[in-house]
Amino acid sequence: MNPFSYSKPADVSQAVNLVGPASRFIAGGTNLLDLMKENIARPEHLIDITGLPLKEVRETASGGLMIGALVSNADLAWHPLVESRYPLLSQAVLAGASPQLRNMASTGGNLLQRTRCYYFYDSTVPCNKREPGSGCPAKDGLNRIHAILGASSECVATHPSDMCVALAALEAVVHVEGRAGKRTIEFADFHRLPADAPERDNQLADDELITAIELPSARFRQHSHYLKIRDRASYAFALVSVAAALELDGDVIKDVRLALGGVAHKPWRDKAVEQLLKGKPVSRENFVAAADAMLRDAQPLEHNAFKIKLARRAIVRALSDAAVGGNA
Amino acid sequence: MSATNPQAFAEHSIALTLNGQPRQLDVQPWTTLLDLLREQLDLVGTKKGCDHGQCGACTVLRDGKRINACLTLAIMCDGAELTTIEGLADGDALHPMQRAFIKHDAFQCGYCTPGQICSAVGLAN
Ligand SMILES: Cc1cc2nc3c(=O)[nH]c(=O)nc-3n(C[C@H](O)[C@H](O)[C@H](O)COP(=O)(O)OP(=O)(O)OC[C@H]3O[C@@H](n4cnc5c(N)ncnc54)[C@H](O)[C@@H]3O)c2cc1C
Ligand code: SF4
Ligand code: FES
C-alpha cells in the first residue's frame, strides 16, 4: 500500500467537498483495501465516510424503504423489514462473501466494488480496465468466468455483486449527492456496459457520494427466489445467478422481474423478456421460453459457453421456485 | 490535507478498548488492524493467512461482531471495542468456545484456530 493521508468528515457536504484528484471514499474497505494492497488502487487521500449519518433503514411515505449507504450488508440482510418484505434482497446479500465481510461491507460500497476479473488484479499483464488502451488478455485467454452478454472487444469482465442483482430486479433507486447537489439514478442506469471505456464501471461522478438506496413498495414478497450457482457451495463468486420475482393472480403472472448476475459487466435485466411472461400462466414451457429469450443474444468466449446452458436452466429453476413461494 | 504535504502523512492518535483495556495508540493511516496487533502490539495470536479477506485467519471481534483484521485500517477503529483471541479467556479460565474446541478436538494444523474461534464466538453472539 502506498502512503496516504486520511480524514473523517462528519457530514455529507463536508465529505464531498474533501474530494480531490487522487482521493477516494472508504466505507467497509473490503474492496478498496484489497485493491490498494495489490497497488491497483493508489489513492493519496482517503476520506473515511463511516462517521456520516447514513446508517438507517426507514420506511418511505410511498410504502418503500430507504436504506442508508452505510448500513452493513449483514444488518441489511437481517433487517426485519427487509427479511419480511424483500426476502429476495436478504437472500442475495447472504449468498455473497462471508459473515466477516458482510459485517464490514456497506450497502453503497457493494454497488461500487469493481467490475473485474483475475487479469485486472495481475499488474504483470495488460488490462483495459486497469490501464485503458493496454489490451484485454481475457478475451483470448482463460475466460471461463467472463461475460456472455453485453461485453465489448475492450472488456469481458462481469460485475461480481449478488446484492446488485436483487436490487436490479426490485427496481431500486440510487440516491447520490455531489458538490452540484443531489440526484437520483435508476438502478438499471447506474452501472455501465464496458463499450469503449471499460475503466468506468458506473455513472457516478468522482465527487458524488451514494447516500441511500431506495426500494419501491414491496410487491413480490410471496414469490421470489435468488439462485446462485458457483464452483463451491459457499464463499465464491457467482458463475451465474438469477433473481426472480413474480406477482401472481392465481396461476397467472401479473408482473415479473428477472435479473442475472455473473453474465455481464452489470446486473442483466431485459424488460422485453418480462413483458413476454406477463399475462401468461405459470408453466415450465413459459419459463423455458423466457430463458431462451433472455439468452438469445448471448455470445460465448472460448471457455464459458457452459454459462449459456447453465443460465438457461438456472432461470427456469429460479422462476419455478419463485412461483411456489421459494424464499427458503 | 493535501497529500503532497508531508505533514498529512503524520501518525494519528486513536483511542480504543482492546481486550478490555483502554488503549491510546499512534498509527500510520495505512497500517491495517492486523499489522497493528501483530507488529506494533505483539498480539500474534491473530494470524495472517491471505491478507486479502479470503481465509478468515485474521478474524477478530469489533463491537462484538466478527471482522477481517487484514482488510480493516487501524485508524478506522478509533473508538471501537476490540477482542482478539488473547482477550477471550477470563484469567486462567478459558472461554467456553475455547473449551469446546479443545473438548471436541476441533483443530487442524492450528494456524487459523484463533480466527475460527473468534468467528465462532461472533456467530454465537
Ligand atoms: C474474499 C471476498 C469475497 C467476496 N465475495 C463476494 C460475493 O460472493 N458476492 C458479492 O456480492 N460480493 C463479494 N465480495 C465483495 C464485497 O461484497 C464488496 O467488497 C463490498 O460489498 C464492498 O463494500 P465496502 O463498504 O467494503 O466498500 P469499500 O471497499 O469501502 O469501497 C468500495 C468502493 O466504493 C467507494 N465507496 C464506498 N462507499 C461509497 C459511497 N457511499 N459513495 C461513494 N463511493 C463509495 C469507495 O471509494 C471504493 O471505490 C467479496 C469480497 C471479498 C474480499
Ligand atoms: S476482461 Fe476487463 S478486467 Fe478482465 S482483463 Fe479484460 S479488460 Fe481487464
Ligand atoms: S488474513 Fe486471510 S482473511 Fe485476513
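The translational diffusion coefficient of the range A:224-323, from Stokes-Einstein at 20 °C and 1.002 mPa s with a Kirkwood hydrodynamic radius over alpha carbon pairs, comes to 157 µm²/s.
Each Cα pair under 8 Å and six or more residues apart adds its separation to the average, and for chain A the resulting relative contact order is 18 percent. In the context of the full set of protein chains, chain B has a per residue accessible area of 51 Å² (1.4 Å probe).
Given R₀ = 41 Å, FRET efficiency for B:Ala89-A:Arg144 by Cβ-Cβ distance, to 0.05?
0.35
Applying 1/(1 + (r/R0)^6) with R0 = 30 Å to the Cβ-Cβ distance of B:Ala124 and B:Thr17 gives a FRET efficiency near 0.90.
Give the dimensionless ratio obtained when the Cα radius of gyration of the range B:6-124 is divided by 2.2 N^0.38 Å.
Against the empirical 2.2 N^0.38 Å value, I get 1.07 for the range B:6-124.
Buried accessible surface for the A/B pair, both sides summed and rounded to the nearest 100, is 2300 Å² with a 1.4 Å probe. Helices in chain A, meaning DSSP H runs of at least 4 residues, each add -39500 (n - 2.57). Divided by all residues, the mean residue ellipticity at 222 nm is -7500 deg cm²/dmol. Report the FRET efficiency, 1/(1 + (r/R0)^6), for A:Glu302 and A:Arg179, where r is their Cβ-Cβ distance and R0 is 51 Å, rounded to 0.05. According to the calculation, E is roughly 0.65.
When the gyration tensor of the range A:29-89 is built from Cα positions, what are the square roots of 5 times its three eigenvalues, in whole Å, from largest to smallest?
Semi-axis lengths for the range A:29-89 are 30, 14, 8 Å.
Ranking B:Gly110, A:Ser152, B:Cys77 by how far each Cα lies toward the positive end of the dipole of the protein assembly as shown (charges on Cβ) leaves A:Ser152 at the top.
Structure shown: which of A:Lys37/B:Lys65; A:Lys129/A:Lys266; A:Lys254/A:Lys309 lie over 20 Å apart, alpha-carbon to alpha-carbon? Correct reply: A:Lys37/B:Lys65; A:Lys254/A:Lys309.
Within the accessible surface of chain A, defined with a 1.4 Å probe on protein heavy atoms only, the carbon and sulfur portion equals 49 percent.
Relative to one another, the C-alpha centroids of the range A:12-86 and the range A:221-250 are positioned 24 Å apart. Dividing the helix sum by the residues of chain B, where each DSSP H run of 4 or more adds -39500 (n - 2.57), gives a mean residue ellipticity at 222 nm of -4500 deg cm²/dmol. What does the charge count around B:Gln40 come to, taking other residues whose C-beta lies under 12 Å from its C-beta (Lys +1, Arg +1, Asp -1, Glu -1)? Residues near B:Gln40 contribute -3 overall. One quarter of the surface of the convex hull around the alpha-carbon atoms of the range A:1-70 equals 5.5 nm², the direction-averaged projected area. The trypsin sites (Lys or Arg not before Pro) of the range A:108-179 meeting both criteria, a DSSP state outside H, G, I, E and B (loop) and at most 16 other C-beta atoms within 10 angstrom of the site's C-beta, are A:Arg144, A:Arg179.
Kirkwood-type hydrodynamic radius, the range B:45-113: 13.2 Å, calculated from all non-identical alpha-carbon pairs. Give me the net charge of A:Leu35's neighbourhood, meaning all other residues with Cβ under 11 Å from the Cβ of A:Leu35; Lys, Arg count +1, Asp, Glu -1. Cβ neighbours under 11 Å give a net charge of +4.
Short version: what are the Cα gyration tensor semi-axes of the range A:132-227, square root of 5 times each eigenvalue, largest first, in whole Å?
Ellipsoid semi-axes (Å, largest first): 28, 21, 8.
Relative contact order for the range B:6-124 using alpha-carbon pairs under 8 Å, separation at least 6, rounded to a whole percent? The partial results should precede the final answer.
Numbers: 212 pairs, mean separation 34.9, N = 119.
Once divided by the residue count of the range B:6-124, the mean separation gives 29 percent.
The separation of the range A:277-328 from the range A:168-182, counted between C-alpha centres, amounts to 29 Å. Above 39 Å lies some portion of the pair distances; for the protein assembly as shown, what is it as a whole percent of all C-alpha pairs? I get 23 percent for the Cα pairs in the protein assembly as shown exceeding 39 Å. Here the contact order of the range A:49-110, divided by its residue count and restricted to Cα pairs under 8 Å and six or more residues apart, works out to 33 percent.
Each Cα pair of the range A:193-240 feeds into the Kirkwood radius, which the Stokes-Einstein equation turns, at 10 °C and 1.306 mPa s, into a diffusion coefficient of 104 µm²/s.
Looking at chain A, the accessible area is 41 square angstrom per residue; that uses a 1.4 Å probe and ignores ligands, DNA and RNA.
The values are calculated or read from the model by the stated rules, or taken from the named source; none is laboratory data. Keep in mind the model is a prediction, meaning the values are calculated, not measured. FYI the Cβ positions are ideal-geometry reconstructions off the backbone, even for glycines, and counts take in every protein chain you see. Side chains are part of the model used for accessible areas, which takes the heavy atoms of the whole protein and leaves out ligands, DNA and RNA. Shrake-Rupley method; radii C 1.70, N 1.55, O 1.52, S 1.80 Å.
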